[in-house]
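**Student:** Pasting a structure here, questions to come.
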Amino acid sequence: MIYHLRSAASVIVVMGTLGPFANLAHAETPRPNVLLIYTDDHAQWAVGGYGNKDVHTPHMDRLVADGMRFTRGFTKAVCSPSRAMVLTGLYSHRVGIPDFIPHGNPVVSGNGLPPGTSTIATVLKQAGYRTGLIGKWHLGYGAKFYPQKFGFDVAEGFRYIAPDKEIRSVGKIPFLLDGKEMPRFRYDKQHTDILTDRAIKFIENRGEQPFFLYLSIYLPHLPWEAIPDEDRKHYEGKNLVVPNLSRHPEAAISNDDLRELMRSYYANISCADRNIGRVLSTLDSLDLTKDTLVFFIGDNGFSVGQHGLLGKGNAVVLGTKDRKPNMFDDSVLVPFVARWPGVIEAGSISDVMVSTIDVLPTLIDITETETQLHLDGRSLLPILKSQRGVKWRDEYCDTYDMTYLKEDHMRMIRTDEWKLVLHLNAAGKPSPHGRHELFNLSADPGELKNLYDSDNFSQVRRSLEAKLHKWIADYDVR
Ligand SMILES: [Ca+2]
């Protein structure tokens, strides 16, 4: 089912227009628990419930079967800005996080979510929820950026980008428990199993309040190591389907090696899936499933051979160290699933273009929280309730300012049929690191044929450019 909306609307307007539905939801299911499962570098194509026959994801597939699957769920092309968007309901340029925040860089390691920024946690805490983050934060490293400063009652995980090889084996980077570093924390099993133990404990200790749990799983982010055999066994000896590299002679890798990479990517996803299953079982055993709204979303997409790349918006050309700044669907399209028994029809599918910026407005709508926040996203509640005739956005625009590794400021507009991406330098001129792109997604969903310079499509290009420039002006993009 496809809905259309012509104009942007602030959350205040959305709340006003959706009042009756919100009241209905409130009366039927007052203040559900909210579980936001965020996997890391997880492309939409890498979930069984989205049609992948190779990957073993029975628990993600259960969420798809029992809830609503969005076929066009967008987010940012890399980690930190994606996390800013889902937590704040704002495009990441609004909070000054254009790219991932590297902890090894002394200049930018002082960056983070601006103190005082409202998040899902501050809003739901104000509404009476107990709030928790288990897992990855990646919105700043110093004490002023601790998750507790942004509404989280509980925060456990690692402050850094991703646990690396060391942390997986001997735990040299301290584990963070409630704002206190635990340098002697014992890593007796895979960190996702440890974090899931903590998530289950958070749910079991929920008390009388409804809870908001942001379960931010580090997988399947690189490096792909130390995954338990029980998660690898699904792929042993299997002739996994991999992208055809014949169109990408620049990719310096054999098909066998590419298949091995795919095996590792899938094993990491299955490890995440198994642990998601443990959390869902906890909800079942505590009789909380029907009272819990679950979002399952990837923080950004990923290519394992698509476009000849390995990675996301700052992917490398396979087998090389050359970076390819991009906003391909494989980098910005993610699994985006919502389950709320009794409210969301099981097995429903929506083709509207939604984004992680829509999550917080949805939660404000559902909980009827009074707020003066002006957010970029809009409430998904009428779509989740399969209301007919809902007006929705006709196009989705976003940016990705790649500022580390290689500089390229990308500006994207995507409709059902077309995608235009401008690649600019810091001065707004064409970037030396990427050509402007125009793809016909109906004829070329793999975004392989760039039509930007084709005279046959110059009218389409100009129309999209005009809309994109209007969005850039309306949303204060610099
Ligand atoms: Ca990521």
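**Student:** Which of the residues that make up region 212-228 are outside any strand (DSSP E or B) and not hydrophobic (A, V, I, L, M, F, W, C)?
**Tutor:** So the first thing to find is which residues in region 212-228 are outside any strand (DSSP E or B), and the list is 217-228.
Across region 212-228, the qualifying residues are TYR218, PRO220, HIS221, PRO223, GLU225, PRO228.
**Student:** With a cut-off of at least 2 residues that are of a type in the set (Lys, Arg), name the strands (runs of 3 or more DSSP E) lying wholly within region 253-357.
**Tutor:** Details: elements: 292-298, 309-311, 314-317, 323-325, 336-339, 348-355.
Here the list reads 323-325.
**Student:** Would you list the strands (runs of 3 or more DSSP E) that sit entirely within region 394-470 and hold 3 or more residues that are under 30 Å from PRO102 (Cα atoms) and in contact (Cβ under 8 Å) with a residue 24 or more places away in the chain?
**Tutor:** Working: elements: 396-402, 408-414, 418-424, 437-440.
In region 394-470, the matching strands (runs of 3 or more DSSP E) lie at 396-402, 408-414, 418-424.
**Student:** Only one of PRO220, PRO228, PRO210 is within 16 Å of the ligand (Cβ to nearest atom) and at pLDDT 90 or above; which? If you could, list the steps in order and put the result at the bottom.
**Tutor:** On the way: PRO228 fails: within 16 Å of the ligand (Cβ to nearest atom); PRO210 fails: within 16 Å of the ligand (Cβ to nearest atom).
That would be PRO220, the only listed residue that is within 16 Å of the ligand (Cβ to nearest atom) and at pLDDT 90 or above.
To keep it simple, each residue is scored yes or no on (1) within 12 Å of the ligand (Cβ to nearest atom); (2) assigned by TED's automatic domain parsing to the domain that holds LYS312; (3) over 16 Å from the mean Cα position of the chain (by Cα).
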{"site": "HIS42", "(1), (2), (3)": "yes, yes, no"}
{"site": "GLY49", "(1), (2), (3)": "no, yes, yes"}
{"site": "ASN52", "(1), (2), (3)": "no, yes, yes"}
{"site": "HIS59", "(1), (2), (3)": "no, yes, yes"}
{"site": "ALA65", "(1), (2), (3)": "no, yes, yes"}
{"site": "ARG72", "(1), (2), (3)": "no, yes, no"}
{"site": "ARG83", "(1), (2), (3)": "yes, yes, no"}
{"site": "THR88", "(1), (2), (3)": "no, yes, no"}
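**Student:** Can you name the residue in region 284-339 that is within 15 Å of the ligand (Cβ to nearest atom) and of a type in the set (Ser, Thr, Tyr) and is also farthest from PRO98 (Cα to Cα) among such residues?
**Tutor:** Among those residues, the one meeting the criterion is SER303.
**Student:** Against the definition (surrounded by fewer than 24 Cβ atoms within 10 Å (Cβ to Cβ) and either at pLDDT below 95 or within 16 Å of the ligand (Cβ to nearest atom) (or both)), how does HIS26 come out, yes or no? Explain how you work it out, then say what you get.
**Tutor:** Values: surrounded by fewer than 24 Cβ atoms within 10 Å (Cβ to Cβ): yes; either at pLDDT below 95 or within 16 Å of the ligand (Cβ to nearest atom) (or both): yes.
Spelling it out, HIS26 is indeed surrounded by fewer than 24 Cβ atoms within 10 Å (Cβ to Cβ) and either at pLDDT below 95 or within 16 Å of the ligand (Cβ to nearest atom) (or both).
**Student:** Looking at region 313-329, which of its residues are farther than 18 Å from ARG435 by Cα and buried (at least 24 other Cβ atoms within 10 Å of the Cβ)?
**Tutor:** LEU318
**Student:** Next question, about the same structure. Right, SER442: within 26 Å of the chain's Cα centre (by Cα), exposed (fewer than 15 other Cβ atoms within 10 Å of the Cβ) and farther than 30 Å from VAL95 by Cβ or not? Walk me through how you get there before you give the answer.
**Tutor:** Working: within 26 Å of the chain's Cα centre (by Cα): yes; exposed (fewer than 15 other Cβ atoms within 10 Å of the Cβ): yes; farther than 30 Å from VAL95 by Cβ: yes.
For SER442, the condition - within 26 Å of the chain's Cα centre (by Cα), exposed (fewer than 15 other Cβ atoms within 10 Å of the Cβ) and farther than 30 Å from VAL95 by Cβ - is met.
**Student:** Could you check, for region 305-327, whether at least one of its residues is within 16 Å of the chain's Cα centre (by Cα), modelled with pLDDT of 95 or more and of a type in the set (A, V, I, L, M, F, W, C)?
**Tutor:** So far as region 305-327 goes, yes, one or more of its residues are within 16 Å of the chain's Cα centre (by Cα), modelled with pLDDT of 95 or more and of a type in the set (A, V, I, L, M, F, W, C).
**Student:** Of all residues in region 349-374, which are surrounded by fewer than 17 Cβ atoms within 10 Å (Cβ to Cβ) and either of a type in the set (S, T, N, Q) or out of contact with any helix residue (DSSP H, G or I) (no Cβ under 8 Å at 6 or more places or on another chain) (or both)? Spell out the reasoning first.
**Tutor:** In the first step, residues of region 349-374 are kept if they are surrounded by fewer than 17 Cβ atoms within 10 Å (Cβ to Cβ); the result is 349, 351, 368, 370, 372, 374.
Within region 349-374, ILE349, ASP351, GLU370, GLN372 qualify.
**Student:** If you don't mind, there's one more thing I want to ask. Working carefully through the options ILE297, ILE269, find the one that is surrounded by 22 or more Cβ atoms within 10 Å (Cβ to Cβ), assigned by TED's automatic domain parsing to the domain that holds TYR50 and in contact with a Phe, Trp or Tyr (Cβ under 8 Å, 6 or more places away or on another chain). Don't jump to the end; show me each part of the working.
**Tutor:** Details: ILE269 fails: in contact with a Phe, Trp or Tyr (Cβ under 8 Å, 6 or more places away or on another chain).
Testing whether each residue is surrounded by 22 or more Cβ atoms within 10 Å (Cβ to Cβ), assigned by TED's automatic domain parsing to the domain that holds TYR50 and in contact with a Phe, Trp or Tyr (Cβ under 8 Å, 6 or more places away or on another chain) leaves just ILE297.
**Student:** OK, next. When you go through (1) farther than 20 Å from PHE302 by Cα; (2) under 28 Å from the mean Cα position of the chain (by Cα); (3) of a type outside the set (Gly, Ala, Ser) one by one for HIS433, which number turns out not to apply?
**Tutor:** (1)
**Student:** Something else now. Please go through region 328-342 and pick out each residue that is charged (D, E, K, R) and either more than 23 Å from the chain's Cα centre (by Cα) or closer than 15 Å to PHE74 by Cβ (or both). If you could, list the steps in order and put the result at the bottom.
**Tutor:** Within region 328-342, the subset charged (D, E, K, R) is 329-330, 339.
Matches in region 328-342: ASP329, ASP330.
**Student:** On to the next question. Kindly evaluate GLY389 against the criterion of being modelled with pLDDT of 95 or more, over 23 Å from THR119 (Cα atoms), surrounded by fewer than 24 Cβ atoms within 10 Å (Cβ to Cβ) and not hydroxyl-bearing (Ser, Thr, Tyr). Spell out the reasoning first.
**Tutor:** Working: modelled with pLDDT of 95 or more: no; over 23 Å from THR119 (Cα atoms): yes; surrounded by fewer than 24 Cβ atoms within 10 Å (Cβ to Cβ): yes; not hydroxyl-bearing (Ser, Thr, Tyr): yes.
Criteria not met by GLY389.
The values are calculated or read from the model by the stated rules, or taken from the named source; none is laboratory data. None of these values were measured; they are calculated from a predicted model. When we count neighbours, we look across all protein chains shown, and the Cβ atoms used for this are built from the backbone with ideal geometry, even at glycine.
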